[in-house]
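J.: One structure, pasted below without further comment.
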Amino acid sequence: MEHIRLVVAIVLSISIFLVWDLVFVDRQPVPPPAPITERVEPETERRDRIENNTIARTFEPLPETTFETISIETDLYQAHISEIGASITRFDLKEYREHSDPGAPRKALIDEGNRLGSALVDFTNSDESLSRAVFSTDFTESSLRVTDAPETISFFWQSDNGLILEKRYTFYPDKYNIDLTLLLRNTSDEIIDRNLEISITNPPPADARTFTFAGPFIFKDQSLNEIRIKDIADQDTYRGEIGWTGIEDQYFLTALIPKTSINTSVLLDLDRRNNLLHVRYQQPVELLRPGHVQEYDYFLFFGPKKLSILADFGYDLNEVVNFGFFSFLSKPALWLLNMIHDNIIANYGVAIIMITLLIKAVFWPLGNKSYKSMAEMRRLQPLMVDIRNKYKDDKRKMNEEVMNLYKTYKINPLSGCLPMIVQIPVFIAFYRMLYEAIELRHASFIFWMQDLSAPDRLFNFNFSIPFMAEPTGIPILTIIMGATMFLQQKLAPPPGDPMQARIMMMLPLVFTIIFINFPAGLVLYWLVNNVVSVAQQYNINRKMI
C-alpha cells in the first residue's frame with residue numbers, strides 16, 4: 001500500500017511540474033507542407049483573362065509631402081510611422097507598463113530594438129526593395145490624434161517603371177486593431193507582374209519558460225501552430241489557408257490578419273545579424289494591366305492577449321490564447337475570475353481566493369472520501385507495523401497479510417487516491433490559466449505583493465540566492481505554502497518504510513524550491529488550496545481517530 005501511495009503522491013505532485021512541457025502544452029510538431037499541384041495557366045490565356053476582368057481608372061498625381069516620422073495617438077496607444085518603408089517603428093500601449101514600479105515606462109510592443117519597424121511591404125519577385133524605400137504622404141501634419149472617429153493616412157511609393165504602391169492605414173480611437181490596405185496601381189503602358197509580401201517584424205522573444213510560449217504563430221487550416229525559435233531552422237515555410245500570423249510573448253502579440261483567408265504561404269526568417277524575426281505573409285498578385293488597380297485588405301493587431309478583446313475582434317483571434325490540453329476548463333475559469341473582479345471585488349488576489357474556495361466546495365465530497373480513507377489507513381498503522389515486523393523476511397506473506405487486513409476492515413487502499421485523481425484536470429486548468437492570464441500582470445494584492453504575475457518577494461536584496469531568480473528577497477507566501485504542505489504530510493498516514501517516509505517528508509521542501517520563482521498568483525492559489533485541505537483533513541481525522 002505504501003508503495004502505491006508513494007507513487008500516486010509523486011505522480012500527483014512532482015510530475016505535474018517536471019513533465020508539464022511534454023504532457024499539457026499543446027505543441028504538436030507541424031508536418032511539412034503537402035505538395036500542391038496547380039494548373040499552370042498559359043501566359044496568353046492569363047493576359048486575356050486579366051484584360052477581360054479589370055477596369056481602367058485614371059490616377060491623381062502622387063502627393064509630394066515628405067516627412068521623417070508621423071506620430072499617431074489614440075486612447076489605447078501611441079505609434080510612430082517612418083517615411084522609410086512607411087513602417088511602424090514605435091508602438092507603446094497606454095494601459096500597460098514595462099514593469100510594476102511607479103513611473104515605469106509604457107509597454108513597448110515595437111521600440112528602437114527593431115531597426116526596420118513592422119508592417120513592412122516588399123516584392124518577392126523583383127530587385128526593388130521597399131523596406132528601405134522612401135515614401136511620401138497625403139498627410140500634412142507631424143502628428144495625428146484619433147479621438148471620436150477613425151482616421152486614415154496614406155503613404156505612396158512609385159517605381160521607375162510606373163508601378164505605384166499606396167499603403168493606407170486606418171486608426172480607431174478605442175481599438176487595438178488597425179486597418180491596412182495595399183493598392184497597386186499601374187501607370188505604365190506595360191503589364192506588371194509583382195508578388196507582395198507583408199512582414200510582421202520584431203526582435204525574437206527569448207524562449208519562454210516551461211509553462212507558456214513565446215515566438216511566431218500561424219493560424220493555418222483552422223489550427224494554431226506555435227513555432228519555437230529554435231525550431232525555425234528545421235521548418236521555416238508553412239502553406240495552407242492562412243487566417244492570421246504574427247509574433248507573441250506571454251502577454252502580448254503583434255499580428256497580421258488578412259480580411260479574406262486564402263491558401264498561401266508564411267515564411268519565417270530569423271535575421272541573427274540584426275536580431276530580428278520576420279514573419280512573412282505571401283500575398284499572391286494577379287498580373288496588373290496598364291491603367292488598373294489591385295486592392296488587398298488586412299488588419300493589424302498590436303495589443304494584449306486578453307480573451308475578451310480578442311473575442312470581440314473576431315476572426316478566431318482568441319485562439320492565440322492557448323491554455324493547452326485543458327483549455328475548455330481554463331477559459332471558463334478566466335471568465336469567472338474576471339466576473340468576480342469586475343462585479344464583486346476589484347482585487348484579483350481576492351478573486352483567486354474565492355475561486356479556489358469554490359473549487360474546493362465543488363470537490364468537497366470527494367475530498368471527504370479521500371481523507372476518510374486516509375484516516376482509516378492511519379488507524380491500521382499499528383497492525384500493519386506488526387505484520388511487517390513479523391514477516392519482514394517473507395515479502396509475499398507480508399503482502400498477503402496486509403491484503404487480508406484490508407479485506408477484514410473493508411478498506412480499499414486506492415480509495416484515498418482516486419478522488420484526488422478526478423480533481424487533477426480542474427486543478428491543472430486553473431493553474432495554467434493563472435500562469436498566462438494577462439489580468440494578473442502588475443495586479444496588486446496586499447502589502448508587498450504588488451504584482452501577482454511576478455515571484456513573491458519581500459524586500460529586494462542586492463545579492464544572489466541559490467535557486468532564486470532575480471529580484472531576490474524573502475518569498476513569504478512561498479514559505480508559508482511550504483509549511484502548509486509539511487502540515488499535510490504530518491496529517492497523512494505515515495509510510496511503514498523509513499525510506500519512503502523520508503521521501504514523503506522531503507516533498508514540501510521540493511515544492512517550496514519549485515514554487516520560489518513562480519508568479520505570486522499561482523502560489524496564492526496553491527496556498528489557499530492547501531489551507532482548506534489541511535482544515536478538511538484535520539476535521540476528518542478528529543472525528544475518526
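J.: Can you pull out the residues in the range 357-394 that are surrounded by fewer than 20 Cβ atoms within 10 Å (Cβ to Cβ) and either among the hydroxyl-bearing types (Ser, Thr, Tyr) or not assigned by TED's automatic domain parsing to the domain that holds Arg432 (or both)?
T.: Correct list: Tyr391 only.
J.: Conditions first: (1) touching a strand residue (DSSP E or B) at 6+ places or on another chain (Cβ under 9 Å); (2) at negative phi. Gly85 passes all but one, so which condition is the exception?
T.: Of the numbered conditions (1) touching a strand residue (DSSP E or B) at 6+ places or on another chain (Cβ under 9 Å); (2) at negative phi, the odd one out for Gly85 is (2).
J.: I would also like to ask the following. Return the residues of the range 95-110 that are loosely packed, with under 15 Cβ neighbours inside 10 Å and assigned to a loop (DSSP other than H, G, I, E, B); say none if nothing qualifies. Can you show your working first?
T.: We begin by selecting, within the range 95-110, every residue loosely packed, with under 15 Cβ neighbours inside 10 Å; these are 95, 98-99, 101-105.
Residues satisfying the conditions are Glu98, His99, Asp101, Pro102, Gly103, Ala104, Pro105.
Residue-by-condition table, conditions (1) part of a loop (DSSP other than H, G, I, E, B); (2) over 28 Å from Asn368 (Cβ atoms); (3) free of Cβ contacts under 8 Å to residues at least 12 places away in the same chain; (4) in the same structural domain as Ser444 (by TED's automatic domain parsing):
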{"position": "Asn460", "(1), (2), (3), (4)": "no, yes, no, yes"}
{"position": "Ile480", "(1), (2), (3), (4)": "no, no, no, yes"}
{"position": "Thr484", "(1), (2), (3), (4)": "no, no, no, yes"}
{"position": "Gln488", "(1), (2), (3), (4)": "no, no, no, yes"}
{"position": "Arg502", "(1), (2), (3), (4)": "no, yes, yes, yes"}
{"position": "Val510", "(1), (2), (3), (4)": "no, no, no, yes"}
{"position": "Ile513", "(1), (2), (3), (4)": "no, yes, no, yes"}
{"position": "Leu522", "(1), (2), (3), (4)": "no, no, no, yes"}
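J.: Among the residues of the range 77-94, what is the count of those that are part of a strand (DSSP E or B) and under 18 Å from Ile164 (Cα atoms)? Give the steps one after another, and end with the answer.
T.: Taking the range 77-94 first, the residues part of a strand (DSSP E or B) are 77-82, 84, 88-94.
Subsequent filtering for residues that are under 18 Å from Ile164 (Cα atoms) retains 84.
Residues that pass the stated criteria total 1.
J.: Go through the range 447-458 residue by residue and tally those that are farther than 15 Å from Leu522 by Cα and either part of a loop (DSSP other than H, G, I, E, B) or touching an Asp or Glu at 6+ places or on another chain (Cβ under 6 Å) (or both). Please lay out each step first, then the result.
T.: At the first step, the residues of the range 447-458 found to be farther than 15 Å from Leu522 by Cα are 447-448, 458.
If we keep only those that are either part of a loop (DSSP other than H, G, I, E, B) or touching an Asp or Glu at 6+ places or on another chain (Cβ under 6 Å) (or both) as well, we get 447-448.
Number of matching residues: 2.
J.: Scan the range 308-334 and report the pairs whose first residue is free of Cβ contacts under 8 Å to residues at least 40 places away in the same chain and whose second residue is among the hydrophobic types (A, V, I, L, M, F, W, C) and surrounded by fewer than 16 Cβ atoms within 10 Å (Cβ to Cβ), with Cβ atoms within less than 7 Å and a gap of 6+ or a chain change.
T.: Close Cβ pairs (under 7 Å, with a partner that is among the hydrophobic types (A, V, I, L, M, F, W, C) and surrounded by fewer than 16 Cβ atoms within 10 Å (Cβ to Cβ)) amount to Asn318/Ala311.
J.: Next question, about the same structure. Got a sec? Which helices (runs of 4 or more DSSP H) wholly within the range 308-426 have at least 2 residues that are closer than 30 Å to Gln450 by Cβ? Break it down into steps so the answer makes sense when it comes.
T.: Working: elements: 327-343, 348-362, 364-379, 381-390, 395-408.
It comes to 327-343, 348-362.
J.: Given the conditions (1) touching a residue at least 12 places away in the same chain (Cβ under 8 Å); (2) within 26 Å of Leu93 (Cα to Cα); (3) outside the structural domain of Ile359 (by TED's automatic domain parsing); (4) surrounded by 21 or more Cβ atoms within 10 Å (Cβ to Cβ), report the number of the one that Leu337 does not fulfil.
T.: Of everything listed in (1) touching a residue at least 12 places away in the same chain (Cβ under 8 Å); (2) within 26 Å of Leu93 (Cα to Cα); (3) outside the structural domain of Ile359 (by TED's automatic domain parsing); (4) surrounded by 21 or more Cβ atoms within 10 Å (Cβ to Cβ), Leu337 misses just condition (3).
The values are calculated or read from the model by the stated rules, or taken from the named source; none is laboratory data. Please read these numbers as outputs of a predicted model, since none were measured by experiment. So basically every Cβ, Gly included, is an ideal-geometry build from the backbone, and we count neighbours across all protein chains shown.
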